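Trainee: Please read through the structure below; I'll follow up with questions.
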Amino acid sequence: MQPESKMAAGGGSPGQVPASIGPVAVVAGSGRLPIQVVEHLERTGQDYRVLAFRGFAAPELRKKAHANADLLDLKTILTTLDEWKPRAVTLVGAVRRPGFAALLGAYSALRNMQEVKEVITRGDDQVLRGAVMLIEERGHRVVGAHELAPDLVASRSLSGTYQPSEDDWQSVAVGLDLLASLSAFDIGQGAVIARNHVLAIEGPEGTDRMLRRVGRLRQSWFGLHRRKEGGVLIKAAKLGQDLRVDMPTIGPRTVAEAAKSGLSGIAIGASSTFVLEQDETLRIADRLGVFLVAVDLPWMEQSHD
């Protein structure tokens, strides 16, 4: 999940967890990703159950939900999963991270108080891993949405009509170095680089709002004209990131916001980034003259060695 966090990978054949008794449990936050994961499960004939978070899951998904729960109602969430006896659980979609006191109250009923404090003060990744830990302790197997629906993940061959220039590739290299160095600080998964200068680093506001921030920086004094200076959005998983619960995601709106901010294009991590509505995303990129490419992440390759 994205805190605003992404819940989003176990093993098995592409697009389907190993056959066993029980449904796939989809614990759903907001956004299009949970909807597309459920649609994939339906297309592939897999049994599933949806546990939707109130105030987050889209109306379209709430109609299909088999149960609903508040984000911090851990008792209901865990009891529901126990009743379903799923063969796999996936956490997918965006949620807003609750405040410290709310998290402390919710988790301390199930965990040692000191342990809870250590988890929730370390950043969003640790909070999500804490949620995974609670589910796994109940005997459930947590998998990533990218294992269930690999067709949503960017392949190395993903590319639109437009291609990066030499300057763009240099910006991509700078952005990847930046994101790798920032991984230890558990902040956003994106950055905007133009002519080797860092224009923005993604924070809790998310990718779209970061891009709007870049757009505002590029306006003239009176907002009448926007300088077409180019630049690249780099969106990639962090070093050591648990892709089961926090895989980077882009879609048509990301491309539109990048173009509106005057960027030349977008580079994303190959095999580690969701691209929602891929055909539509590429079509919009071509129409707006924005390149979209998937690049290998050296740190992801190292993690598989």
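Trainee: If a residue has to be of a type in the set (Phe, Trp, Tyr) and part of a strand (DSSP E or B) to count, how many in the range 44-86 make the cut? Break it down into steps so the answer makes sense when it comes.
Mentor: Kept after step one, since they are of a type in the set (Phe, Trp, Tyr), are these residues of the range 44-86: 48, 53, 56, 84.
Cutting the leftovers down to part of a strand (DSSP E or B) gives us 48, 53.
Of the residues in the range 44-86, 2 are of a type in the set (Phe, Trp, Tyr) and part of a strand (DSSP E or B).
Trainee: Between residues in the range 252-271 that are surrounded by fewer than 22 Cβ atoms within 10 Å (Cβ to Cβ) and residues that are acidic (Asp, Glu) and in a loop (DSSP other than H, G, I, E, B), which pairs lie under 9 Å by C-beta distance while being six or more apart or on different chains?
Mentor: PRO252/GLU277; GLY262/GLU229; ALA270/ASP296; SER271/ASP296
Trainee: Residue under question is ILE135, and the condition is that it be in contact with a helix residue (DSSP H, G or I) (Cβ under 9 Å, 6 or more places away or on another chain), farther than 28 Å from THR80 by Cβ and not small (Gly, Ala, Ser); does it hold?
Mentor: Values: in contact with a helix residue (DSSP H, G or I) (Cβ under 9 Å, 6 or more places away or on another chain): yes; farther than 28 Å from THR80 by Cβ: no; not small (Gly, Ala, Ser): yes.
Judged against the criteria, ILE135 is not a match.
Trainee: Run down ARG218, ARG209, ARG244 and say which single residue is at pLDDT 80 or above and touching a Lys or Arg at 6+ places or on another chain (Cβ under 6 Å). Don't jump to the end; show me each part of the working.
Mentor: Details: ARG209 fails: touching a Lys or Arg at 6+ places or on another chain (Cβ under 6 Å); ARG244 fails: touching a Lys or Arg at 6+ places or on another chain (Cβ under 6 Å).
Testing whether each residue is at pLDDT 80 or above and touching a Lys or Arg at 6+ places or on another chain (Cβ under 6 Å) leaves just ARG218.
Here's the yes/no breakdown for (1) farther than 20 Å from LEU288 by Cβ; (2) part of a helix (DSSP H, G or I):
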| residue | (1), (2) |
| --- | --- |
| SER171 | no, yes |
| LEU182 | yes, yes |
| ILE193 | no, no |
| ALA200 | no, no |
| PRO204 | yes, no |
| VAL214 | no, yes |
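Trainee: Now for a different question. Tally the residues that are over 17 Å from THR281 (Cβ atoms) and loosely packed, with under 15 Cβ neighbours inside 10 Å, restricting the search to the range 144-166.
Mentor: The total comes to 2.
Trainee: Could you pull out the residue among LEU233, LEU239, LEU243 that is surrounded by 15 or more Cβ atoms within 10 Å (Cβ to Cβ), in contact with a strand residue (DSSP E or B) (Cβ under 9 Å, 6 or more places away or on another chain) and not acidic (Asp, Glu)?
Mentor: Details: LEU239 fails: in contact with a strand residue (DSSP E or B) (Cβ under 9 Å, 6 or more places away or on another chain); LEU243 fails: in contact with a strand residue (DSSP E or B) (Cβ under 9 Å, 6 or more places away or on another chain).
The match here is LEU233.
Trainee: Consider the range 1-43. How many of its residues are under 13 Å from the mean Cα position of the chain (by Cα), modelled with pLDDT of 55 or more, under 17 Å from ALA69 (Cβ atoms) and not in a helix (DSSP H, G or I)?
Mentor: 4
The values are calculated or read from the model by the stated rules, or taken from the named source; none is laboratory data. Quick caveat: nothing in here was measured; it's all calculated off a predicted structure. Every residue, glycine among them, receives a Cβ derived from its backbone with ideal geometry; neighbour counts consider all protein chains shown.
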